[in-house]
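The values are calculated or read from the model by the stated rules, or taken from the named source; none is laboratory data. These numbers come from a predicted model, not from an experiment. In this analysis, Cβ positions are derived from the backbone assuming ideal geometry, glycine residues included, and neighbour counts consider all displayed protein chains. The area values use the complete protein model at the heavy-atom level, side chains included, leaving out ligands, DNA and RNA. Shrake-Rupley method; radii C 1.70, N 1.55, O 1.52, S 1.80 Å.
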Amino acid sequence: MSLDEDRIGEEALPSKTPAVRITRRTVLAGLGGIVLAGGATSAYGIGIEPMRLSVTRYAIRPKGHWPAGQTLRIVALADIHACEPWMSAARIAGIVATANSLGGDVIVLLGDYVTGQNFVTRYVDAAEWAPELGRLKAPLGTYAILGNHDWWEDRTAQKRGSGPTIAGEALTRAGIRVLDNDAIRLERDDRAFWLAGLGDQLALLPTRKRHGHPRIGVDDLDKTLAGIPDGAPTILLAHEPDIFPQVPAHVALTLSGHTHGGQVRLFGYSPVVPSRYANRYAYGHVREQADLVVSGGLGNSIAPVRFGVPPEIVVVDLSSEAIA
């Protein structure tokens, strides 16, 4: 495995980690207050890094099953969080143009298309962001899963306790296949593989009916993988990386977003990560029983702050042989 990041300005910025136990929301909201207070570091954290765009490349020889001689390039976009001024429709169009230029065999969208913060000047409707994503082009197509904010911001789906969601229907209208506990068979150079998409693990917020269950998922890993023949090469899309310990070893690669790399990441460490596993699955390539890549995402959640983890498009090259 090798990692090549097309990034500018990778100097780590100094930060103090509070000694008290805190939540991701308090950290990001607190940092939002700090950056609003002014200074060069504040200007960078709120005005520069969140607006950057990097391309992060991974070359992986999967630990799980991947056929000899088969290569595949995946371009992954995660956590767009459409809203102004941070992620306008025009900015999404620019991200799409960059993604189309990266030579992907397949493009995948890893969830959270709607905003997840209040520091906005205007909410960007699905009718605006979905057509832009519909312009993504790859030989094998574009496929999507939904994220927690795509559910949380959809009052009708929350009340119903099930889909469809506004985001999912908008993606479908834009010509993008949404995988919801489902898998699809694809072929490259007459070699087949399976692309599977897991339902969101945090989809439903608490209600009186769901009292005692803070967040309930609509994910079903067994159902997602059930239709895939034994031993078939498989790529799994899962918005939250917390499912990874349950992913079978034969799955070649799991791709996730959700964490944003913590949005603040210094010297390879994120102070607060929205995962029960904390920094174990905060960001990057993880190899355990199989391979996982967690994207740092493109947009912001809670507060428009990024330090040490700029917005990124992820490119993964899979091969059964070592990749130079």
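Overview of values
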{"quantity": "Members of the range 261-282 that are open to solvent by less than 40 Å² (accessible area, probe 1.4 Å) and on the phi > 0 side of the Ramachandran plot", "calculated": "GLY261, GLY262, GLN263"}
{"quantity": "Qualifying residues in the range 293-321 (those that are more than 16 Å from the chain's Cα centre (by Cα) and charged (D, E, K, R)) - the one surrounded by the fewest Cβ atoms within 10 Å (Cβ to Cβ)", "calculated": "GLU321"}
{"quantity": "Residue check for GLU5: acidic (Asp, Glu) and modelled with pLDDT of 95 or more", "calculated": "no"}
{"quantity": "Considering residues of the range 283-292 that are closer than 19 Å to PRO310 by Cβ and open to solvent by 20 Å² or more (accessible area, probe 1.4 Å) only, the residue farthest from the chain's Cα centre (by Cα)", "calculated": "HIS285"}
{"quantity": "Selection from the range 74-90 of residues that are buried (at least 19 other Cβ atoms within 10 Å of the Cβ) and of a type in the set (D, E, K, R)", "calculated": "ASP79"}
{"quantity": "Looking only at the range 218-231, and only at residues there that are part of a loop (DSSP other than H, G, I, E, B) and surrounded by fewer than 17 Cβ atoms within 10 Å (Cβ to Cβ), the one that is modelled with the lowest pLDDT", "calculated": "GLY231"}
{"quantity": "Tabulated pairs, the range 145-174, first more than 11 Å from TYR113 (Cα to Cα), second surrounded by fewer than 18 Cβ atoms within 10 Å (Cβ to Cβ) and of a type in the set (D, E, K, R), C-beta under 8 angstrom, 6+ apart or interchain", "calculated": "GLY161/LYS209; GLY161/ARG210"}
{"quantity": "Check on PRO131, part of a loop (DSSP other than H, G, I, E, B) and either open to solvent by 30 Å² or more (accessible area, probe 1.4 Å) or of a type in the set (A, V, I, L, M) (or both)", "calculated": "no"}
{"quantity": "The range 236-254, residues that are within 21 Å of GLY297 (Cα to Cα) and in contact with a helix residue (DSSP H, G or I) (Cβ under 9 Å, 6 or more places away or on another chain)", "calculated": "LEU236, ALA238, HIS239, GLU240, PRO241, ASP242, ILE243, PHE244, THR254"}
{"quantity": "Of all residues making up the range 219-233, the number that are under 24 Å from the mean Cα position of the chain (by Cα), more than 16 Å from ALA290 (Cβ to Cβ) and not small (Gly, Ala, Ser)", "calculated": "4"}
{"quantity": "Single residue of TYR269, TYR277, TYR281 found to be farther than 27 Å from ILE95 by Cα and hydroxyl-bearing (Ser, Thr, Tyr)", "calculated": "TYR277"}
{"quantity": "Filter result for HIS258 (touching a helix residue (DSSP H, G or I) at 6+ places or on another chain (Cβ under 8 Å), touching a residue at least 60 places away in the same chain (Cβ under 8 Å) and on the phi > 0 side of the Ramachandran plot)", "calculated": "yes"}
{"quantity": "Scan of the range 234-282 for residues that are of a type in the set (S, T, N, Q) and either within 16 Å of the chain's Cα centre (by Cα) or more than 25 Å from ILE107 (Cβ to Cβ) (or both), ordered by number", "calculated": "GLN246, THR254, SER256, THR259, GLN263, SER270, SER275, ASN279"}
{"quantity": "Considering residues of the range 185-195 that are of a type in the set (A, V, I, L, M) and closer than 17 Å to VAL75 by Cα only, the residue surrounded by the most Cβ atoms within 10 Å (Cβ to Cβ)", "calculated": "LEU195"}
{"quantity": "Of residues in the range 163-217 being at pLDDT below 95 and in a strand (DSSP E or B), the one nearest to the chain's Cα centre (by Cα)", "calculated": "ILE216"}
